[in-house]
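Everything below concerns the one structure shown next.
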Amino acid sequence: MTIAKAYKVRLYPTKTQQELMIKTFGCTRFVYNKALHICQETYRTSKRPVFYGELSRMLTFWKTTTELSFLKAVDKFALQNSLRDLCQGFTNMKHGAGYPKYKSKHDHHDSYKTQFTNNNIAVDNTYIKLPKLGHIRYRDKKTPQGKIRNVTISRTPSGKYYASVCVETEDVRELPMTGNQIGIDLGIKGFCAMSNHEKVENPRFLNKTLQQIQKLQRELSRKSKGSSNWEKNRIRLARLYEKATNQKRDFLEKLSTRIVSENDVICIEDLHVSGMVKNYNLAQSILSASWYEFVAKLIYKAKWYGKTVIKVNRFYPSSQLCSACGHKNPLVKDLSIREWICPVCGISHDRDINASTNILNEGLRQLEVV
Ligand SMILES: [Zn+2]
């Protein structure tokens, strides 16, 4: 349900920013033409194509030479994308397009594309942050919303600057109102429990990855630092962390989308997790820490789809109250009690489901007060 969307906004760069942009247009053109020449020569002499990987390595080398060190001054993603463009041009030939042409300064197609990595690009209401250029003022009725993928910067022959911001966003039309409301309690054993009596377990595949991480960490601590085996394990460990992070993100993404699509009002605890995670195992602590991430996703998706998230005060005794009669049972403070029977009304409770029902009731009460 994610879709790509582009926002084109007018940029108002400073004199210095304009100079750097023009320089970048020139450098991307230069790199493109130089690579095209290499592709032609290579084909002429050895009858073989040159692929992106090889061109990219050449680019890295060019930057180290004195004559071409000026390439270092501009956005590296712009240069890489210029090479990708060329390769795409060769691919397009297979589908009937013509042989890629050299780019001239005089065609007035001044543009380059940069990539989102490590928050190098950001947008607020008035500024867009771009690699090497810093914050550039822009003006448009709409602020680009969503996860930024790439930005194409261009200049018209008349000297106007634009940024086309490509974002990944979710399709709004797919989520109708359902009339449902839900309370969610962060689980102590599983991931969370919900007032519709559903319990969401921690994903098993993630637990497996986390176990592998623990095992590898133990092995790593036994190997001597810097040895080739140590190095190998270190890389494997880094990959496993990455895998665990991706699995976690994927899990949170799917769960939050499902909850927001199934419910109109979502009540959650406003939790400070830091105190809770101390004594858990690694798997549990990573997942508990992801509660914030989960809540953030719920909030932005709810906002996006016109649904409501209500945070219930963390000092509200959601676990101790009987959701049927309101009796407060302090004995339930003991975390090891998973099930209990209300001494007043006699109803038996699952600890977490009862808590989530209380969170829902308290959230709805807050909603009415507002
Ligand atoms: Zn009761």
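Name every residue in region 289-309 that is of a type in the set (A, V, I, L, M) and either under 15 Å from the mean Cα position of the chain (by Cα) or open to solvent by 50 Å² or more (accessible area, probe 1.4 Å) (or both), in order of residue number.
Ala289, Val295, Ala296, Leu298, Ile299
What is the residue count in region 210-248 for residues that are surrounded by 11 or more Cβ atoms within 10 Å (Cβ to Cβ) and either of a type in the set (S, T, N, Q) or touching a residue at least 40 places away in the same chain (Cβ under 8 Å) (or both)?
Final tally of qualifying residues: 13.
Out of the residues in region 102-133 that are open to solvent by less than 40 Å² (accessible area, probe 1.4 Å) and within 20 Å of Gln80 (Cβ to Cβ), which is farthest from the chain's Cα centre (by Cα)?
Among those that are open to solvent by less than 40 Å² (accessible area, probe 1.4 Å) and within 20 Å of Gln80 (Cβ to Cβ), it is Asp110.
Which one of the conditions (1) in a helix (DSSP H, G or I); (2) open to solvent by 50 Å² or more (accessible area, probe 1.4 Å); (3) hydroxyl-bearing (Ser, Thr, Tyr) does Ser56 fail to meet, given that it meets all the rest?
Looking at each condition in turn, Ser56 falls short on (2).
Which of the residues that make up region 124-141 are touching a residue at least 60 places away in the same chain (Cβ under 8 Å), touching a strand residue (DSSP E or B) at 6+ places or on another chain (Cβ under 6 Å) and assigned to a loop (DSSP other than H, G, I, E, B)?
Asp140
If I ask for residues that are closer than 21 Å to Val200 by Cα, within 16 Å of the ligand (Cβ to nearest atom), outside any strand (DSSP E or B) and open to solvent by less than 30 Å² (accessible area, probe 1.4 Å), which ones from region 336-355 would you list?
Arg351, Ile353, Asn354, Ala355
Out of the residues in region 291-335 that are more than 30 Å from Asn246 (Cβ to Cβ) and part of a helix (DSSP H, G or I), which is nearest to the ligand (Cβ to nearest atom)?
Within region 291-335, the match that is nearest to the ligand (Cβ to nearest atom) is Val332.
Every residue, every condition in (1) under 30 Å from Lys113 (Cα atoms); (2) buried (at least 16 other Cβ atoms within 10 Å of the Cβ), yes or no:
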{"position": "Pro144", "(1), (2)": "yes, yes"}
{"position": "Pro157", "(1), (2)": "yes, no"}
{"position": "Glu168", "(1), (2)": "yes, no"}
{"position": "Gly187", "(1), (2)": "no, yes"}
{"position": "Leu206", "(1), (2)": "no, yes"}
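Among (1) closer than 30 Å to Asp250 by Cβ; (2) touching a Cys at 6+ places or on another chain (Cβ under 8 Å); (3) open to solvent by 30 Å² or more (accessible area, probe 1.4 Å), which single condition is Ile359 missing?
(3)
All but one of (1) over 19 Å from His197 (Cα atoms); (2) within 16 Å of the ligand (Cβ to nearest atom); (3) of a type in the set (A, V, I, L, M, F, W, C); (4) assigned to a helix (DSSP H, G or I) hold for Leu367, so report the exception by its number.
Here Leu367 meets the rest and fails (2).
For region 194-207, how many residues are without any contact (Cβ under 8 Å) to a residue 40 or more places away in the chain, touching a helix residue (DSSP H, G or I) at 6+ places or on another chain (Cβ under 9 Å) and not acidic (Asp, Glu)?
Here the count works out to 1.
Would you confirm, using the coordinates I've provided, whether Thr28 is under 30 Å from Ile136 (Cβ atoms) and either at pLDDT 95 or above or open to solvent by 40 Å² or more (accessible area, probe 1.4 Å) (or both)?
Against the criterion (under 30 Å from Ile136 (Cβ atoms) and either at pLDDT 95 or above or open to solvent by 40 Å² or more (accessible area, probe 1.4 Å) (or both)), Thr28 qualifies.
Give me a count of the residues in region 310-335 that are more than 36 Å from the chain's Cα centre (by Cα) and open to solvent by 40 Å² or more (accessible area, probe 1.4 Å). I'd like the intermediate steps shown before the answer.
Looking only at region 310-335, we keep the residues that are more than 36 Å from the chain's Cα centre (by Cα), and these are 320-334.
Restricting the remaining residues to those that are open to solvent by 40 Å² or more (accessible area, probe 1.4 Å) gives 324-328, 330-331, 333-334.
Residues that pass the stated criteria total 9.
Condition first: aliphatic (A, V, I, L, M) and closer than 18 Å to Lys160 by Cα. Now tell me which residues in region 91-142 satisfy that.
Result: Ile128, Leu130, Leu133, Ile136.
The values are calculated or read from the model by the stated rules, or taken from the named source; none is laboratory data. All values derive from a computational prediction rather than experimental measurement. Using ideal geometry, Cβ is built from the backbone for each residue, glycine included, and neighbour counts are taken over all protein chains shown. Remember, those area values only see protein heavy atoms, side chains included, never the ligands or the DNA or RNA. Shrake-Rupley method; radii C 1.70, N 1.55, O 1.52, S 1.80 Å.
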